[in-house]
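Input: a single structure, listed below in structure tokens.
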Amino acid sequence: MKNVRTSFTNKHRDSWTEINLEYLEENIENIKEKIQDVENKNLMAVIKADGYGHGSIMCAPTLLACGIKAFGVASIDEGIELRENKINCPVLVLGAVPVWAFEAALNYNIEVSVFNDEHIEAIKILYERTGKKINVQVKVDTGMNRIGINYKKAPDFINKLRNLDCLNLTGVFTHFADCENEEILKSQIEKFNYVLDNISLDGLKIHCQNSLGAFLINDKRYNWIRLGIVIYGLSPLSEGVAPCVELPKLRQLISVKGRITNIHMIEENEGVSYSHIFKAKRKTKVATVPLGYADGISRNLSGKIQGILNGKLVPQIGRITMDQMMFDITGVEAENGDIVEILGESLTVDDWAKKLNTINYELTCRLKVRLPRIYVR
């Protein structure tokens, strides 16, 4: 029997996602077993974009119970949401924070990433006005070329922050562009280590390892690890790239399901859905399920995916529309209200990503649009 908790959104639909928190626990334990020197590392879970579409607020307590010590988010608002739901562990905004939002970070005890003099000046003004110190971590650019202070300038910048009374410097970190490319990865590690060699590390959180880097890299100075896509049971390896490391056993947390709302028969040569890209080659039993591209399921998956209905695979047919899709259920005993699963452990996000020539991250983030979430064990 499943223990079920329901999210507080959009409950009146015959389609939904299920998030298995038991699998989340299993993934964390399996990840820990694969990380070298894990007893000397602190683990941060990246739960930005509403936990990559899995629900940050509902996943956070399970992650904390599994030994996660901090959370990484993309914005102040994501951090505030955690605080307002009584998540009290360290929270770091990994992205750039507008200086006008620093006060909100201060009030909610959220760490911000800093990397330029504008940040310093804004923090000085904030301290003069409030008398309170904000917690900051320095983001170092070692080759991602997105945000961060250039690694050559980073030691002086960090040492300057060390001497300021208006803030608490809590960490230094960087972000890898490509852990699968040995040359790029080596270059970025060398640049990050250059920074570490030229600053005092006392009391600082030092982190660069991500979901893949956690299993590839081990340096005693790196005392924190940021885990992202792997905690949700999805691979950080690119499709078609030779594995550079053996990953832990992972179980996909997310599944997508919908109930059949209509079943009817069509004759040979009849078309289904917009533009009739599917035409029946025989008498066909068609089932409609209320799932569509407005739910985050790409229209480009039309005719390329399958569902599971009463234990049997059934092909999706015709265009996926905004709110509905159809399946060929010929030969399957079914009635209105029966459940069709279109994503699950055997119908994977990675398979969809391959069909769409994209990454699993993008697809799970899409699924947060309007589907209610059910949390199960």
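What the table shows:
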{"read-out": "Residue match in the stretch 92-105 (condition: touching a Gly at 6+ places or on another chain (Cβ under 8 Å) and of a type in the set (Gly, Ala, Ser))", "value": "yes"}
{"read-out": "From the options ASN159, ASN168, residue that is assigned to a strand (DSSP E or B) and more than 16 Å from LEU94 (Cβ to Cβ)", "value": "ASN168"}
{"read-out": "Filtered residues of the stretch 135-152 (kept if part of a loop (DSSP other than H, G, I, E, B) and more than 10 Å from THR174 (Cα to Cα))", "value": "ASN145, ARG146, LYS152"}
{"read-out": "Leading residue by the ranking (farthest from the chain's Cα centre (by Cα)) among those in the stretch 69-109 that are part of a strand (DSSP E or B) and touching a residue at least 24 places away in the same chain (Cβ under 8 Å)", "value": "ALA96"}
{"read-out": "Per-region count, the stretch 210-223, residues outside any helix (DSSP H, G or I) and out of contact with any Cys (no Cβ under 9 Å at 6 or more places or on another chain)", "value": "4"}
{"read-out": "Matching residues, the stretch 23-36, being within 22 Å of LYS205 (Cβ to Cβ) and open to solvent by 40 Å² or more (accessible area, probe 1.4 Å)", "value": "LYS32, LYS34, GLN36"}
{"read-out": "Some residue of the stretch 239-249 being surrounded by 20 or more Cβ atoms within 10 Å (Cβ to Cβ) and closer than 24 Å to PHE71 by Cβ", "value": "no"}
{"read-out": "Exclusive hit being under 27 Å from the mean Cα position of the chain (by Cα) and buried (at least 19 other Cβ atoms within 10 Å of the Cβ), set VAL349, VAL286, VAL272, VAL376", "value": "VAL349"}
{"read-out": "Verdict on CYS66 being buried (at least 18 other Cβ atoms within 10 Å of the Cβ) and under 20 Å from the mean Cα position of the chain (by Cα)", "value": "yes"}
{"read-out": "Some residue of the stretch 173-182 being open to solvent by 10 Å² or more (accessible area, probe 1.4 Å), in contact (Cβ under 8 Å) with a residue 24 or more places away in the chain and over 22 Å from ALA74 (Cβ atoms)", "value": "yes"}
{"read-out": "Evaluation of TYR293 against (1) open to solvent by 80 Å² or more (accessible area, probe 1.4 Å); (2) touching a residue at least 40 places away in the same chain (Cβ under 8 Å) (one fails), failing number", "value": "(2)"}
{"read-out": "Checking GLN252 against (1) part of a loop (DSSP other than H, G, I, E, B); (2) at pLDDT 95 or above; (3) under 29 Å from VAL138 (Cα atoms), the condition it does not meet", "value": "(3)"}
{"read-out": "Selected residue [under 28 Å from ASP77 (Cβ atoms), open to solvent by less than 50 Å² (accessible area, probe 1.4 Å) and among the basic types (Lys, Arg)] from LYS124, LYS132, LYS139", "value": "LYS139"}
{"read-out": "Inter-residue pairs, beta-carbon under 6 Å, first free of Cβ contacts under 8 Å to residues at least 24 places away in the same chain and in the stretch 110-137, second open to solvent by less than 90 Å² (accessible area, probe 1.4 Å) and not in a loop (DSSP other than H, G, I, E, B), 6+ apart", "value": "ALA122/VAL99; ALA122/PHE102"}
{"read-out": "Residues being of a type in the set (Gly, Ala, Ser), touching a Leu at 6+ places or on another chain (Cβ under 6 Å) and within 15 Å of SER211 (Cβ to Cβ) - total across the stretch 18-76", "value": "2"}
{"read-out": "Any pair with Cβ under 7 angstrom, 6 or more apart, that starts in the stretch 57-68 at a residue that is at pLDDT 95 or above and ends at one that is hydroxyl-bearing (Ser, Thr, Tyr)", "value": "MET58/SER7; MET58/TYR375"}
{"read-out": "Leading residue by the ranking (most open to solvent (accessible area, probe 1.4 Å)) among those in the stretch 323-346 that are within 30 Å of VAL73 (Cβ to Cβ) and not hydrophobic (A, V, I, L, M, F, W, C)", "value": "GLU345"}
{"read-out": "Of all residues making up the stretch 296-308, the number that are open to solvent by less than 10 Å² (accessible area, probe 1.4 Å) and either without any contact (Cβ under 8 Å) to a residue 40 or more places away in the chain or aromatic (Phe, Trp, Tyr) (or both)", "value": "0"}
{"read-out": "Within the stretch 37-68, tally of residues that are over 21 Å from ILE206 (Cα atoms) and part of a loop (DSSP other than H, G, I, E, B)", "value": "4"}
{"read-out": "Those residues of the stretch 1-34 which are modelled with pLDDT under 95 and among the β-branched types (Val, Ile, Thr), in sequence order", "value": "VAL4, THR6, THR9"}
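The values are calculated or read from the model by the stated rules, or taken from the named source; none is laboratory data. From a predicted model like this one, the values you see are computed outputs, not experimental measurements. Heads up, the Cβs are rebuilt from the backbone with ideal geometry, glycines too, and the neighbour counts pull from every protein chain shown. The protein model used for the area step is the full one, side chains on, heavy atoms only, and it has no ligands, DNA or RNA in it. Shrake-Rupley method; radii C 1.70, N 1.55, O 1.52, S 1.80 Å.
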